[in-house]
Amino acid sequence: MTNTFDVLGIGNAIVDILTNVNDDFLSSCDIPKGSMQLVNESESNGLYKKLGQCIECSGGSAANTIASLASMGSKTAFIGKVKRDQLGAVFKHDIKSLGTSFTSVAATDGPATAHCLVLVTPDAERTMCTYLGACVNLTTDDIDEDVVSNSNIIYLEGYLWDPEPAKAAFRKAIDIAHKAGNKVAFSLSDSFCVDRHRAEFLELAKNDIDILFANEDEVKMLYSTDDLDQAVKQVQQDCDIAAITCSAKGCIVISKDEIVNVAGNQVALLKDTTGAGDAFAAGFLHALSNGKSLAECGALGNLIASEVITHIGARPDMDLKEFVAKNT
């Protein structure tokens with residue numbers, strides 16, 4: 001029996017609020033450029049009032065990956081927690097409009113739907129101030145066993161590993177997926193996440209993760225080394241497949257049998273690096289779902305990442321199925 005979904009994403013359900021700022025604005029607000037910091041609802045509202053024109057669009061790392069996968073034609077689903085409020089309605093509308101199955105029940109009380117102020121400077125660097133709100137309240141009750149069992153790959157984001165109930169939800173999903181014979185993919189998400197949870201992430205890599213996504217800094221921190229080659233050798237022992245992004249240089253794709261270096265794509269007009277890693281994971285998983293070689297998976301990941309950084313926002317602003325057809 002064929003599964004209903006190619007990829008199920010489980011992660012933070014966040015609405016991104018994107019705007020352009022200059023370096024002086026960041027300095028005046030005492031916000032370190034390029035940082036991702038957590039703020040409370042009051043701090044988020046205060047900063048929002050200082051901003052100019054903004055773009056609101058659904059975000060969240062795993063949700064961004066699912067959005068790009070859906071645009072390429074993959075059959076997708078998403079599990080994440082929102083509140084029954086205005087931004088919760090925005091998130092639900094956006095993800096369902098892509099053809100993605102989203103049946104998570106919205107909370108009727110508690111924190112507001114999560115949102116992230118994404119401040120983009122002229123050099124395309126993004127600085128993020130995130131109010132996590134409802135999204136971190138994901139629990140085991142939110143994990144739909146039928147959806148997990150009927151997804152060839154489940155894709156989990158490291159950003160949601162902090163709260164214990166969400167961690168339990170991830171472990172439940174991993175167990176269901178493996179019992180159903182499906183694959184588990186995991187993104188390390190951020191060096192700060194790896195620093196906080198290194199021992200647990202190592203345990204996951206060794207025992208639970210089939211496909212690992214990381215950038216150079218994250219994988220080196222995971223294995224406590226400054227030597228990328230050493231980190232690559234160690235991840236090769238732990239995971240069936242690992243994909244390490246190396247910014248403009250491209251990526252390294254690793255399996256038990258081979259290590260493949262895939263060159264990056266030239267980008268003429270860099271506007272916003274938000275979501276490049278999310279887009280890479282989408283291209284990689286789409287190719288993998290269609291039986292492509294690891295080199296082809298890496299190449300498609302690089303291609304989709306090169307598209308998303310040419311415009312503001314972490315989601316595609318074009319039909320990626322057509323884009324891929326024209327560029328492969």
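Over 17 Å, how big is the tail of the calculated P(r) for the range 248-328, in percent of all Cα pairs? Cα-Cα pairs in the range 248-328 separated by more than 17 Å: 42 percent.
At most 14 other Cβ atoms within 10 Å plus a DSSP loop assignment makes a site exposed; report the longest stretch of the chain without any exposed trypsin sites (Lys or Arg not before Pro).
On the way: sites that count: Lys33, Arg84, Lys256.
Counting only loop sites that pass the neighbour cut-off, the longest clear stretch is 85-255.
Summing Cβ point charges (Lys, Arg +1; Asp, Glu -1) relative to the Cα centre of the range 134-180 gives a dipole of roughly 180 debye. Convex hull volume per residue, computed on the Cα atoms of the range 120-269, equals 139 Å³.
Counting Lys and Arg as +1 and Asp and Glu as -1, each charge on the Cβ, what is the dipole of the chain about the Cα centre in debye, to the nearest 20? Please report the intermediate quantities before stating the final value.
Working: 27 positive and 45 negative charges, 118 e Å.
Computed about the Cα centre, the dipole is about 560 debye.
Only Cα sites of the chain enter the Debye sum here, all with the same form factor; the resulting log10 I(q)/I(0) across q = 0.06, 0.08 1/Å is -0.18, -0.33, listed in q order.
Output the relative contact order of the range 40-196, whole-number percent, from Cα pairs under 8 angstrom with separation of 6+ residues. Could the numbers behind the result be given before it?
Numbers: 221 pairs, mean separation 29.7, N = 157.
Answer for the range 40-196 is 19 percent.
Spatial offset of the range 95-150 relative to the range 262-310 amounts to 22 Å, using the alpha carbon center of each.
Using helices alone, what [θ] at 222 nm do you get for the chain, with -39,500 (n - 2.57) per DSSP H run of 4 or more residues, divided over all residues and rounded to the nearest 500?
Working: 12 runs with 133 residues, N = 328.
It comes out at -12500 deg cm²/dmol, rounded to the nearest 500.
Distance check, please: which entries in Lys75/Lys206; Lys83/Lys321; Lys183/Lys256 exceed 22 angstrom between their Cα atoms? Spell out each step's value before the answer.
Values: Lys75/Lys206 28 Å; Lys83/Lys321 32 Å; Lys183/Lys256 16 Å.
Listed pairs above 22 Å: Lys75/Lys206; Lys83/Lys321.
With viscosity set to 0.692 mPa s at 37 °C, what whole-number translational diffusion coefficient in µm²/s follows for the range 100-158 from Stokes-Einstein and a Kirkwood radius over Cα pairs?
Values: Rh = 14.4 Å.
In µm²/s, the coefficient rounds to 228.
Here, each number is a calculation from the coordinates, and none is a lab measurement. Keep in mind it's a predicted model, so treat the numbers as computed, not measured. Note that each Cβ is placed from the backbone with ideal geometry, even for glycine, and that neighbours are counted across all protein chains shown.
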